[in-house]
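Shown next, in structure tokens, is the structure this report addresses.
The values are calculated or read from the model by the stated rules, or taken from the named source; none is laboratory data. As the structure is a computational prediction, the values presented were derived from the model and not from experiment. Please note: Cβ atoms are built from the backbone with ideal geometry, for glycine as well, and neighbour counts cover all protein chains shown. The accessibility values were calculated without ligands, DNA or RNA, using every heavy atom of the protein model including side chains. Shrake-Rupley method; radii C 1.70, N 1.55, O 1.52, S 1.80 Å.
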Amino acid sequence: LDNFQGEAEEINQFNGWFSYALLLQRCQEMGYYHCLMDLLDERQFTHNEMRDFYLLLFGACKVRMLSNPQSDWKEFMSCITTILEQGEKDGIPSPIKGHCR
């Protein structure tokens, strides 16, 4: 695990859509492990990994409504937009770069 700046730069190389947060850095420094967190700075996520990552970030209740990104990408992104917009209404900043700003 790199320092925060280094980790954010590595993640940006492969998954530039994601805004790495200091909170996630601290979780990893405290020993939290999830295979997707490990892959985030190693390669671009597949569509299914993106869905699983959103599940990790937002929880099953919110992500349950997501469509399969491989069969309906437009609907998948529409659902993500809805989840992120609701989070911002609740005062939760978006982890997706350039979204709802």
- Query: Pairs, please: C-beta under 7 Å, at least 6 apart or cross-chain, first residue open to solvent by less than 100 Å² (accessible area, probe 1.4 Å) and in segment 62-77, second aliphatic (A, V, I, L, M)?
  - Reply: Lys62/Ile83; Val63/Leu55; Pro69/Met50; Phe76/Leu66
- Leu23 fails exactly one of (1) open to solvent by 70 Å² or more (accessible area, probe 1.4 Å); (2) under 24 Å from Asn68 (Cα atoms); (3) not hydroxyl-bearing (Ser, Thr, Tyr), namely (2)
- Within the set of pairs 6 or more residues apart or between chains, which connect a residue that is free of Cβ contacts under 8 Å to residues at least 60 places away in the same chain and farther than 18 Å from Phe45 by Cα inside segment 1-29 to a residue that is polar (S, T, N, Q) and open to solvent by less than 80 Å² (accessible area, probe 1.4 Å) with Cβ atoms less than 6 Å apart? Leu1/Gln28; Phe4/Gln25
- Residues being open to solvent by 70 Å² or more (accessible area, probe 1.4 Å) and of a type outside the set (D, E, K, R) - total across segment 36-54: 2
- Wholly within the chain, which helices (runs of 4 or more DSSP H) include no fewer than the required count, namely at least 1 residues that are of a type in the set (Ser, Thr, Tyr), over 12 Å from the mean Cα position of the chain (by Cα) and modelled with pLDDT under 90? 73-89
